[in-house]
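Asks: Take a look at this one; I'll ask things after.
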Amino acid sequence: MPGLGTSFGRGGATTFPQDLVNSDAILIMGSNMAEAHPVAFANVVKAKERGAKVIHVDPHFSRTSALANLFIPTRAGSDIVFLGALIHYLLENHAYFHDYVLSYTNAATLLREDFRDTEDLDGLFSGYDPDTESYPDQGSWDYQRDQAGQPVIDLTLQHPRCVFQVLKRHFARYTPEMVEEVCGVSREDWLKVAQTLAANSGRERTSAICYAVGWTQQSKGVQIIRAAAILQMLLGNMGRPGGGIMALRGHASIQGSTDVPTLYDLLGGYMPQPAALLPKQGTTHHSTPMATEGAHPKAHVGPSQQTLQEYIQANGSKTGWWSNLPAYIRSFLQAWYGEAANVENGEQAYRWIPKITGDHSHLVTSYTMLDGKVKGYFLLGQNPAAGSTNAKMQREALKQLDWMVVRDLYEVESAAFWHHGVEPVDPTTVKTEVFLLPAAASTEKEGCFTNTQRLIQWRDKAIDPPGDARSDLWFIYHLGKRLKELYASSADPKDRPLQALQWDYEHPASQAQWRIKDEPDDLLILKEINGYYVKSSEHPEEVYNLHNAPHVASFPALKADGSTACGSWIYSGVYPTAENNRAAARNPEGYTFQGWGFAWPANRRILYNRASADPDGKPWSERKKYIWWDSEEKKWTGFDTPDFPLNKPPDYIPQPGALGMDAHSGRDPFLMKPDGKAWLFVPKGLKDGPLPTHYEAVEAPLKNALYRQQSNPTALYFRDRTDNKLVQLGDKHYPIVVTTYRLTEHHVSGPMSRWMPWLNALQPALFAELSPELAAERGIRHGGWLTISTPRGEIEARALVTRRMTPLRAGGRTVHQIGLPFHWGFQGKSRGSITNDLAHMVLEPNVSIEEAKAFLCEIRAGRLP
Amino acid sequence: MEEYPLLPAVVQGALSEVMQVGSKVQPFSAESVSKAPRIRDAQVVKSVCPYCAVGCGLNVYVKDGRVLDIEGNLDSPISHGTLCPKGSATFQYTVNASRVTSALYRAPYATAWQTVSLNWAMEQIAQRVKQTRDETFVTHLPDGREVNHTQGIASLGGATLDVEENYLIKKLFNGGLGMVSIENQARI
């Protein structure tokens, strides 16, 4: 989540849903929280009962809207105009929290003279290269620096190059008139939101923002989250009770799978995957932007990361928390390769880590798969044949594989694609060899989920899985053992990493109570993720293995000298001793229930909570006290684990040239950042710009009213792929906006819900929501069928004609929007059209996510032919 | 707050005390008195809902190696015993006749699944991985930079799996085999 990461330092929700009861106002946008996260939404209802104002802004009226004080229907894809106008309002009316902004953000930092804003370049920032549709040179986005390399500051906030003034100019054109013109929202309604947030923020009051994939599934999703982050910085709501940004994530452990992670561009704990990047190729003359080995052999992108030292140079920081990168990466190499990681101080093991050469993300990989370049595929509880964008193309891609392994509880669409589909399939033409291995359910194995508030919770095993079903842990462990055997006698250097891989997770105790005896020991893996000592600190000659090693208590104990091992440093502390698995702690007492589970990092429930106190360390107000400086005890204290060096006093001033955490003063709460500040302006880390800028969706009914640049100039367009046709601006054949969403009774593409009669009875079929006006225009009857088409595909659904969808007046015309759930497919006990057959595959540039929340379609009465 | 499997017995005790005071009429039949919830002596296993990311607490009631019921955990400070329709239906997700319980194999161009042994399937998969890896592994780019990777095998999924499972997937596939396209639902 680079929107939050670049703004504040960490890519996770900054607060926890149970703290929303302390909010004075809650803005829910890009989320139907009542239906997609119902139990978390109970906290919003409680807050409302305590007097909080709840605002819901969405294209679609839902139960969230019904329970809000104010619902504002808006045009899908216009979020940055709505939020940008709120930012503009705060700045123009001096309604921002001055002391907070001055001390805790980079508002006062000066920007380089050669930086050019979208104001100057009609929707582009300086450094744009039209040939590659990217910003290969972001040097001009950096701070002005003095001779020692320190950022230059103007505490009066008056210098024309300071971030605060640049921000003012950047958002000057985000006016109430633009909100009416672009979002289709009246200025009176918008003003109520501005006034509500301003009145409910400050010393005495706090407001929270909740979002979900309504923001992330857009071609500028990261920048929408950035706009929310800027808003919360200006309002002074970060790190404070009742404040923050609540990212609502959609799977039981999607946070965990980002932290540990199963992502191509990260190692454990948000360390970047080492890269040997090939240049992004020009958009006019290539088939895919996927880096192809051999292309442009002389052109390099980014600093070299061929050695561990270069990797640390490229990705670490001299100041702030990331100055600890050497300890974290070295401990990580130790966890993977054991004793072999000690050769040349870790250099050899580092070279074994595979280097990425471009974008190897899921959707980009599906293009290479379609082109026949991917031979083998593992699907571990994911269902791209129905659940990924442009699903028809996904199914075609699976047919190009030599072999694939599907692990699931049911025969999902992605396992059945070779004999069944939306279109007729002739199995005798499909070459793919398929292994379908039954998986264990969550109740049939022990282990941890990390939820939306970064809380790691342990599950006990209830029963054995049935028949040959096994946990995914069992599958990976035994596959690894077999592969190590197959490669045991190899002398090929390419096989040495596998030979050296530390892979002994045998259960020490007998598994008498279980039928399955060869399940690996989950706790040993949790121990490796937590970290353990490789050598005794007192007796260095004493060397441990994973089984007998003492646990690391927390990440400050990790060392860069090869004496510690740790799989994901941010999880360090979850299992500090053999007797204390804190993920399984079940004491629910207290406001922040510190004894229930373990929230990374260091069991903090609200991140950046040093900012809940003023620069002198006193609570901003008695009503909103959370963490404060105890001047007698000389330490930070309060209701949570302080997110600050425990004994660093508020009046600490760093010496010139200080390094690491010593470089931050006692007033710098955002300790992951090199300068200790929250970033209103992001000088480094984003691919599409340092400030949020409104671009229309890739498929939009209107011209961009703010800039000449129509859509995100750095999105991944794949322009010359014939299998990803796009609606061009002004195409009258596809005039209607589609937005997609979840229903409470089903889960994503349905593998965990459409085989269940209870849920199918509650929500039996795909439907589309449309307004009475649009239904009348097209002769569509409530309860009857309609067909929805895009250049990618056609689907059918039942019509739900309802006032929950409102035609909007925007850009001088009426804009119709329809709402479409996406849970169905051709397998299971409840079947229906695949909504993802409609969606296109232009991707957001930072995270390679598709735009499922705003694209264009046409509708007609009746079923598919 | 915790479910007490013995609660009906306590109620029975209180009832019998009441009955001793003056009344000879027994308003409950022996059958009624002997009735008790199915979960009365069940083992309560603590779990977490597998659906969205809110992390509601589950109590899994187990007797004789079978799951009898799954309910909300009243102790959980996240959910206080409440569940949404999906979470309430977790029982049917796990105890369901439609589940696949044997390894299935489909040969290239074949028209039907065949049931195979888990051991055979695991061995075949290991062989496929080795062959594809050996055919597609790249140690250096043409410009001389070392990459030690294969783009010939990819992996997708993880957000519904455990933290430990994700860790081992990345460790084996990336650290051991050199696969780079290891991805999950975070991008959809």
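Asks: Of the residues that make up the range A:513-535, is at least one of a type outside the set (Phe, Trp, Tyr), farther than 30 Å from B:HIS149 by Cα, touching a Pro at 6+ places or on another chain (Cβ under 8 Å) and at pLDDT below 95?
Replies: no
Asks: Give the range B:131-150 a look and list any residue that's at positive phi and in contact with a helix residue (DSSP H, G or I) (Cβ under 8 Å, 6 or more places away or on another chain), or say none.
Replies: Scanning the range B:131-150 gives a single hit, B:ASN148.
Asks: Got a sec? Which strands (runs of 3 or more DSSP E) wholly within the range A:19-73 have at least 2 residues that are crowded, with 24+ Cβ neighbours inside 10 Å?
Replies: A:25-29, A:53-58
Let's see how each residue does on (1) polar (S, T, N, Q); (2) touching a Lys or Arg at 6+ places or on another chain (Cβ under 8 Å); (3) modelled with pLDDT under 95:
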{"position": "A:PRO649", "(1), (2), (3)": "no, yes, no"}
{"position": "A:MET672", "(1), (2), (3)": "no, yes, no"}
{"position": "A:ARG708", "(1), (2), (3)": "no, no, no"}
{"position": "A:THR714", "(1), (2), (3)": "yes, yes, no"}
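Asks: Does A:ASP640 qualify as being farther than 28 Å from A:LEU155 by Cα and assigned to a loop (DSSP other than H, G, I, E, B)?
Replies: When the stated conditions are applied, A:ASP640 passes them.
Asks: Checking the conditions here, which among A:PRO438, A:PRO427 is facing another protein chain (nearest Cβ under 7 Å), more than 26 Å from B:LEU172 (Cα to Cα) and at pLDDT 95 or above?
Replies: A:PRO427
Asks: Of everything in the range A:655-692, what is surrounded by fewer than 24 Cβ atoms within 10 Å (Cβ to Cβ) and outside any loop (DSSP other than H, G, I, E, B)? Give them in sequence order.
Replies: Once the filter is applied, which keeps residues that are surrounded by fewer than 24 Cβ atoms within 10 Å (Cβ to Cβ) and outside any loop (DSSP other than H, G, I, E, B), the range A:655-692 yields A:GLY660, A:MET661, A:ASP662, A:ALA663.
Asks: Taking into account only those residues within the range B:172-188 that are more than 24 Å from A:MET841 (Cβ to Cβ) and aliphatic (A, V, I, L, M), which is nearest to the other protein chains (Cβ to nearest Cβ)?
Replies: That would be B:LEU172.
Asks: Shifting gears a bit: Kindly indicate which of A:ALA761, A:ALA775 is over 31 Å from the mean Cα position of the chain (by Cα), of a type in the set (Gly, Ala, Ser) and within 14 Å of chain B (Cβ to nearest Cβ).
Replies: A:ALA761
Asks: Looking only at the range A:533-560, how many residues end up being within 14 Å of another protein chain (Cβ to nearest Cβ) and either outside any loop (DSSP other than H, G, I, E, B) or acidic (Asp, Glu) (or both)?
Replies: 0
Asks: Oh, and also: With the requirement that a residue be of a type outside the set (Ser, Thr, Tyr) and either in a loop (DSSP other than H, G, I, E, B) or touching a residue at least 60 places away in the same chain (Cβ under 8 Å) (or both), what does the range A:485-503 give you?
Replies: Selection gives A:ALA488, A:ALA491, A:ASP492, A:ARG496, A:PRO497, A:ALA500, A:LEU501, A:GLN502, A:TRP503.
Asks: Next up: Determine which member of the set B:ALA154, B:ALA107 is at pLDDT 95 or above, over 29 Å from A:ARG351 (Cα atoms) and at the interface with another protein chain (Cβ under 7 Å from one of its Cβ atoms).
Replies: B:ALA107
Asks: Quick check, is A:GLN457 crowded, with 24+ Cβ neighbours inside 10 Å and either at the interface with another protein chain (Cβ under 7 Å from one of its Cβ atoms) or over 25 Å from B:GLU71 (Cα atoms) (or both)?
Replies: yes
Asks: Given the conditions (1) farther than 24 Å from A:ALA469 by Cβ; (2) at pLDDT 95 or above, and given that A:TRP418 satisfies all but one, which numbered condition is not satisfied?
Replies: (1)
Asks: Can you tell me which of B:ASP143, B:ASP64 is more than 7 Å from chain A (Cβ to nearest Cβ), more than 25 Å from A:ALA416 (Cβ to Cβ) and either surrounded by 15 or more Cβ atoms within 10 Å (Cβ to Cβ) or acidic (Asp, Glu) (or both)?
Replies: When all the criteria are applied, what remains is B:ASP64.
Asks: Among the numbered criteria (1) within 7 Å of chain A (Cβ to nearest Cβ); (2) of a type outside the set (A, V, I, L, M); (3) more than 30 Å from B:ALA36 (Cβ to Cβ); (4) surrounded by fewer than 23 Cβ atoms within 10 Å (Cβ to Cβ), which one does B:THR82 miss?
Replies: Failed condition: (3).
Asks: With A:LYS399, A:LYS375, A:LYS392 as the choices, which residue is closer than 19 Å to A:LYS853 by Cα and surrounded by fewer than 24 Cβ atoms within 10 Å (Cβ to Cβ)?
Replies: A:LYS392
The values are calculated or read from the model by the stated rules, or taken from the named source; none is laboratory data. Because the structure is a prediction, the values reported are computed rather than measured. Reconstructed Cβ throughout: ideal geometry from the backbone, glycine too, with neighbour counts over all protein chains shown.
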